[in-house]
Amino acid sequence: MKEIHYVPLGYDCNVAQYCKKNKLRTEAYPFDWLISPINLITKVIEKDFEGFATDIYPIQKQVQTYIDTKEKIELIHGFCKSSHMYFLHDIRANEPIENELKLVEEKYNRRAKRLLQLMEERKIIYFLTDKKTIFNVFHEDLVKIVREKLNIETKVCNRENDERVLKDEIYEFKMMLKRKYPGLKFKIIQVDKI
């Protein structure tokens, strides 16, 4: 039996947690711990991750789980001006920001390269995403901060009752993969009960 690679698409870290809990996570991939709507993931992959983790702007501090050590510490939430994705678990507030941003960029470039290699080698990939995207007050606060500080309009996801838009975005993602990687064997699985 051929090896299947499970790649979380988000929209947030719950899908990566689901993969971890169900022993499906063997490698780290670029969207594991981000707020990354599918329409933005489609654009990022289409452009071979160009600008994916560059130009990250610090937007707020919060005590949260630092992914690399699993400890609760003060982190800086970052917003990537290029990809419009939110990096919430990677930038330590007690370290020099320039060093942290460089480490984050390097880490996510490795993860992006890993995913691109899987797709280029036409490995079997199961992309997992939330069945329903849950939009909460915390996400609204992030959008508001980005709008006020950077004058950038963004959305972090579709509202829970907007299933048609989510379905369309998954379809566009699927079509992009078929165009860009003909012959790629993949499935898109919407996970319930995360």
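The values are calculated or read from the model by the stated rules, or taken from the named source; none is laboratory data. Owing to the predicted nature of the structure, the values given are computational and were not obtained by experimental measurement. As a convention, Cβ positions derive from the backbone with ideal geometry for all residues, glycine included, and neighbour counts pool all protein chains shown. Protein only, heavy atoms only, side chains kept; ligands, DNA and RNA dropped before computing areas. Shrake-Rupley method; radii C 1.70, N 1.55, O 1.52, S 1.80 Å.
Of note:
- Just one of the listed residues (Val44, Val63) is open to solvent by less than 30 Å² (accessible area, probe 1.4 Å) and not in a loop (DSSP other than H, G, I, E, B), namely Val44.
- Scoring Lys72 on the criteria (1) surrounded by fewer than 17 Cβ atoms within 10 Å (Cβ to Cβ); (2) touching a strand residue (DSSP E or B) at 6+ places or on another chain (Cβ under 7 Å); (3) within 22 Å of Val191 (Cα to Cα) leaves a single failure, condition (3).
- Against the test of being over 17 Å from Asn109 (Cα atoms) and either at pLDDT 90 or above or of a type in the set (D, E, K, R) (or both), the options Lys47, Lys43, Lys61 yield a single qualifying residue, Lys61.
- Within the stretch 119-128, one or more residues are assigned to a loop (DSSP other than H, G, I, E, B), surrounded by 14 or more Cβ atoms within 10 Å (Cβ to Cβ) and modelled with pLDDT of 75 or more.
- The set of residues from the stretch 66-93 being assigned to a loop (DSSP other than H, G, I, E, B), at negative phi and out of contact with any Cys (no Cβ under 9 Å at 6 or more places or on another chain) comprises Asp68, Thr69, Lys81, Ser82, Ser83, Met85, Ala93.
- Any hit, the stretch 89-104, residues being free of Cβ contacts under 8 Å to residues at least 24 places away in the same chain, open to solvent by 70 Å² or more (accessible area, probe 1.4 Å) and within 16 Å of Pro30 (Cβ to Cβ): yes
- Screening Asp55, Asp68 for residues that are more than 19 Å from Lys20 (Cα to Cα), out of contact with any helix residue (DSSP H, G or I) (no Cβ under 6 Å at 6 or more places or on another chain), of a type in the set (Asp, Glu) and modelled with pLDDT under 95 leaves exactly one candidate, Asp55.
- Any chance Ile76 is among the aliphatic types (A, V, I, L, M) and under 14 Å from the mean Cα position of the chain (by Cα): no
- Check on Tyr11, touching a Ser or Thr at 6+ places or on another chain (Cβ under 8 Å), in contact (Cβ under 8 Å) with a residue 40 or more places away in the chain, among the aromatic types (Phe, Trp, Tyr) and open to solvent by less than 40 Å² (accessible area, probe 1.4 Å): yes
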